[in-house]
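Data block below; observations after.
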Amino acid sequence: MLYGGFFYGFLIIIHRGTGRIRLALSSQHYLVITALGADRSGIVNTITRHVSSCGCNIEDSRLAMLGDEFTFIMLLSGSWNAITLIESTLPLKGAELDLLIVMKRTTARPRPAMPATVWVQVEVEDSPHLIERFTALLDAHNLNIAELVSRTQPADNGNNAQLYIQMTAHSPALDNATIIEQAFKALCTELNAQGSINVVNYQQQDEQDGVS
């Protein structure tokens, strides 16, 4: 902590010498945090309260239950002091809560335009490698997978286990949606799966509406 405080002060002196102190003080810093541990009441609120007490803002987050474990992923923003504070204190808080904490500094970058969006839903009898088949299909058509959710319904009453898949993918250009739609339907037929695909090309819609 003493070293961190000294380093921050040194940065201020350097920026004063170049006349850019305002930029240094107002710039935002970003940190990705993953917390993994046994689920129990109040655990998420405890984490978010600690984030707020350090002066950080939650820009984005994801929460998922996997078996008896939960995983909580957050993108935090804040001043240099705020991010440094949570970097130094969250591991101790994680130890108190019996959580595995992973942290990594990152930067805020403008996302490239992705005018084409594809939504996929699949229900199929569970077997190995099924998710890989559908992710490979999207990848083969240059689609960037932005979200993937899957769950397995255990076998019961003589019914086989069922796998449910939901995916969202984006592409900077998708000139012919029919190609991916036909390939998806062919894969569903091969795997004896029930599936639906919805493709929206915002660029084409804008052109049809007369928006340049």
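The values are calculated or read from the model by the stated rules, or taken from the named source; none is laboratory data. As the structure is a prediction and not an experimental result, all values here were calculated from the model. Don't worry about glycine lacking a Cβ; one is built from the backbone with ideal geometry, like all the others, and counts go over all protein chains shown.
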> Which pairs do you get when a residue that is over 23 Å from Leu163 (Cβ atoms), found in segment 188-212, comes within reach of a residue that is at pLDDT below 95 and among the polar types (S, T, N, Q), reach meaning Cβ atoms under 8 angstrom, with the pair 6+ apart or on two chains?
Replying inline: Val200/Thr117; Tyr202/Thr117; Asp206/Ser212
>> Of all residues being part of a helix (DSSP H, G or I) and charged (D, E, K, R) in segment 166-199, which is farthest from the chain's Cα centre (by Cα)? Just the residue, please.
In response: Glu190
> Considering Ile47, Ile101, Ile86, which residue is aliphatic (A, V, I, L, M), touching a helix residue (DSSP H, G or I) at 6+ places or on another chain (Cβ under 6 Å) and under 15 Å from Thr34 (Cα atoms)?
Replying inline: Ile101
> Asp156 is checked against (1) touching a residue at least 24 places away in the same chain (Cβ under 8 Å); (2) over 20 Å from Ser61 (Cα atoms); (3) of a type in the set (D, E, K, R); (4) exposed (fewer than 13 other Cβ atoms within 10 Å of the Cβ) and fails just one. What number does that condition carry?
Replying inline: (1)
>> Between Asp68, Asp126, Asp98, which is under 30 Å from Ala155 (Cα atoms), more than 20 Å from the chain's Cα centre (by Cα) and not assigned by TED's automatic domain parsing to the domain that holds Leu148?
In response: Asp68
> Taking the stated definitions as given, is Ser127 crowded, with 16+ Cβ neighbours inside 10 Å and of a type in the set (Gly, Ala, Ser)?
Replying inline: no
